[in-house]
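The values are calculated or read from the model by the stated rules, or taken from the named source; none is laboratory data. Since the model is a prediction, treat every value here as computed from it, not as a measurement. Every residue, glycine among them, receives a Cβ derived from its backbone with ideal geometry; neighbour counts consider all protein chains shown. SASA here: full protein model, heavy atoms, side chains in, ligands and nucleic acids out. Shrake-Rupley method; radii C 1.70, N 1.55, O 1.52, S 1.80 Å.
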Amino acid sequence: MKQNTQLLQTPNGMQHVADGPVTTAAIREASPSLLVSEVDSRIVRIRPMSTPVDQISRMVGARPASSMEVEYYSVDTRPSAIALKSLTPLDGLDAASGKHICTLQTSDDRVLAVTDTVLLPDVLINTADSGEQPMVLYVVEALETGGFKVLALNLPVTGQVPAVGSGAKVVRMGRAASELDVQTAQFEALPVKSRNYCQIFKAQIEQSALVRLASKEVGWNFSDQEEVAIMDMRMGMEKSFLFGVKCRLTDPQKYDEVLFTGGIWHQAQSVVETDVAALTEKTLVNIMRQAFTGECAGSTRKILIGGSDLIEALNRLDYTRVVSAADTVTRWGIDFSELRSKFGSLYVIHSEVFDQCGHGADGMIIDPQYLSKYTHVPFKVEHLDLKRSGVRNTDALVATEASCLVLRHPKAHVRIVNVCGD
């Protein structure tokens with residue numbers, strides 16, 4: 001007796017199956033992401049150590065993309081320090097405040113605003129009460145010709161504005177409003193729109209004995225041949241996710257459009273150059289400082305993926321209390337070696353993809369909180385009946401996924417580039 005499965009929706013949005021068994025089609029209709037999650041959970045069990053980037057992106061979870069072209073926004077914080085162009089004293093003292101008045105020009109005047117206080121850490125002056133201390137300025141007016149009119153807060157009346165060379169560090173501090181102020185200069189962190197393309201990844205397995213396996217998507221058991229094919233597919237995706245170049249073109253043979261995804265190696269905006277052959281603990285501390293502070297600040301735990309030369313250099317170091325090598329840590333189904341410092345912790349893993357792509361002495365520090373995956377076509381397996389189509393006397397399974405990776409805070413991810421010493 002044929003049963004017609006029906007989905008009944010309750011007032012609170014829940015769906016129930018009526019007049020029939022729970023089928024794959026019913027699950028797809030009621031909860032499209034359920035089977036995708038199940039398939040993904042099985043994919044990540046296949047040699048996770050070989051494809052750490054793809055592994056982490058699947059474990060964190062992907063976002064659905066409505067088209068093959070993904071648009072996303074990234075926001076960076078306003079810089080806290082800029083370079084000085086000139087600090088020029090004006091004649092006399094300001095009549096209202098009794099302070100020395102100067103004009104200030106910087107490398108990027110957009111960073112500062114009226115009512116900001118500014119610190120010049122490299123310019124030391126002798127104060128009346130506290131002795132020698134860095135000079136502090138107060139921005140009172142933005143000049144139409146560029147730059148600002150500032151007051152020297154801690155310079156004594158009898159003192160002289162010191163000569164400051166171009167390139168000195170200018171640090172933006174807190175704003176100082178008056179008692180009657182109800183407004184201040186606006187600052188909006190405007191997000192920058194970026195784009196990436198979802199690339200269509202495929203793998204095909206042909207073997208007539210696999211027909212009955214292909215019909216069970218949730219209870220999918222990988223055979224040896226399936227595992228090899230999926231592993232090869234994931235390795236190719238790993239290389240594209242890391243070092244791929246964003247491109248759109250028309251195939252000259254098929255006259256069909258092909259999209260290529262851009263790799264996260266090219267998306268990262270922070271770079272550390274080092275001589276891996278001469279790597280020391282001091283160098284490693286400097287790398288970790290740059291990876292966890294300033295514009296690179298993000299999570300206190302990041303992932304270091306590197307080629308064999310870089311990992312070998314890290315293994316040769318003698319660690320101390322400053323930088324310690326902790327026990328193995330398991331995250332996202334991957335066994336990492338943990339490096340700890342006062343700046344943060346790095347989960348270190350070797351990537352054979354770096355070796356294969358000519359980056360054996362390079363590495364990349366990734367902040368997993370700002371790594372996002374978009375999928376236009378979630379990973380799925382389809383059965384092709386090549387016998388009926390007259391192609392070959394075999395049946396085939398085709399695995400397909402259209403996806404891409406993006407970095408939402410590009411400066412929080414650091415490329416470690418090897419440069420040979422003299």
**Item:** Nonlocal amide H pairs with ASN154, under 5 Å, H built at 1.01 Å
**Value:** VAL136
**Message:** Per residue of segment 290-298, what does 6.51 cos²θ - 1.76 cosθ + 1.60 with θ = phi - 60° give for ³J(HN,Hα)? Whole Hz please, x for Gly and Pro, Karplus curve as stated.
**Reply:** 5, 6, 10, 10, x, 5, 8, 4, x
**Fill in**
Checking rank on 51-59, 339-347, with mean other Cβ inside 10 Å and highest first, the result is 51-59, 339-347
**Item:** Burial ranking of peptide ranges 251-262, 375-386 (average Cβ count within 10 Å, highest at the top)
**Value:** 375-386, 251-262
**Message:** At a 10 angstrom cut-off on C-beta neighbours, averaged per residue, how do the peptides 300-308, 330-338 rank from highest to lowest?
**Reply:** 300-308, 330-338
**Asked** Taking K and R as +1 and D and E as -1, what net charge do the other residues with C-beta under 10 Å from the C-beta of GLY363 add up to?
**Response** -1
**Request:** May I ask which residue of LEU104, LEU120, SER67 lies farthest towards the positive end of the charge dipole of segment 59-128, with charges of +1 (Lys, Arg) and -1 (Asp, Glu) on Cβ and the Cα centre as origin?
**Result:** LEU120
**Item:** Per-residue HN-Hα couplings for segment 63-69 [Karplus 6.51, -1.76, 1.60; θ = phi - 60°; Hz; x = Gly/Pro]
**Value:** 9, x, 10, 7, 8, 6, 9
**Message:** Using the Karplus curve 6.51 cos²θ - 1.76 cosθ + 1.60 with θ = phi - 60°, what ³J(HN,Hα) values do you get for each residue of segment 155-160, in whole Hz, with x for Gly and Pro?
**Reply:** 8, x, 4, 7, x, 10
**Message:** Over segment 218-310, with the other protein chains present, what is the accessible area per residue in square angstrom, probe 1.4 angstrom?
**Reply:** 49 Å²
**Message:** Given R₀ = 45 Å, what would the calculated FRET efficiency be for ASP122 paired with THR330, taking r from the Cβ atoms and rounding to 0.05?
**Reply:** 0.45
